[in-house]
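The values are calculated or read from the model by the stated rules, or taken from the named source; none is laboratory data. These numbers come from a predicted model, not from an experiment. Every residue, glycine as well, gets a Cβ built from its backbone with ideal geometry; the counts of neighbours run over all protein chains shown. With ligands, DNA and RNA removed, areas are computed over all heavy atoms of the protein, side chains included. Shrake-Rupley method; radii C 1.70, N 1.55, O 1.52, S 1.80 Å.
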Amino acid sequence: IGDNDGLIEPLYVKEATLEVVEGNSRLAAWRMLAEDNGVKWETVKCAILPKEVNDSAVASLLGQLHLKGKKDWRPYEQASFLHRRHYKDKISITNLAKEVPLKKRGIEHRIAVIDYMIKQGDNKIERWSHWDELLKNRKIQAAFKDHAGFEEAVVKSIKSGTIKAVEVRDKVKVLCRTKSEKPINQFIGGATIDDAVRTAK
């Protein structure tokens, strides 16, 4: 901001309350600059959102800016936003697809992952990729239906941190591809993912 002598993107501010709805990090940086030179950094560029713009419209704007806009949110943030819009704001998947630059299947998948995380009692951002990989893979989902206790064993391994997201993608998938039930039963019985993969191979 200092190098550019100001903001490239304005802050988005509600006219009625002067609440900054987009650009809080830029505002914090601006305030730091103002501490050193209050005259130069006395005013900041803002886009004022009129009083008649409701919270739903503000959320729609934020989605357009961050889902495929100037700075994409991380997948977990994208999914949480879509989940809130769908359940809290009661926006249908079809209307969300019109509102944000994502396809219906992508929106449905992101919402399903957040639903699954809630079901498993896990809201850790760093584990988003684990759950995403788990729900993305059809063979894994089929194996969960076919083998009692397998889903619970994988979930337990994810939540305890003994399995990485890349291992969900690469190693759990190996267990699900084999025709033998031995590697999955071994994993359910408490074997490490590496031992079960060796059996599968």
Among the residues of region 144-191, write down those that are open to solvent by 60 Å² or more (accessible area, probe 1.4 Å), closer than 18 Å to Leu134 by Cβ and not in a helix (DSSP H, G or I). Ala148, Thr162, Lys164
Regarding region 32-51, can at least one residue be identified that is on the phi > 0 side of the Ramachandran plot and open to solvent by less than 100 Å² (accessible area, probe 1.4 Å)? no
Name the residue, out of Ile8, Ile114, Ile118, that is part of a helix (DSSP H, G or I), surrounded by fewer than 14 Cβ atoms within 10 Å (Cβ to Cβ) and of a type in the set (A, V, I, L, M, F, W, C). Ile118
So the check is Cβ under 6 Å with 6+ separation or different chains; which pairs have a first residue in region 125-138 that's open to solvent by less than 40 Å² (accessible area, probe 1.4 Å) and in a helix (DSSP H, G or I) and a second one that's modelled with pLDDT under 90 and of a type in the set (Phe, Trp, Tyr)? Trp128/Tyr76
The correct count of residues that are open to solvent by 90 Å² or more (accessible area, probe 1.4 Å), modelled with pLDDT of 90 or more and within 23 Å of Val166 (Cα to Cα) in region 70-107 is 1
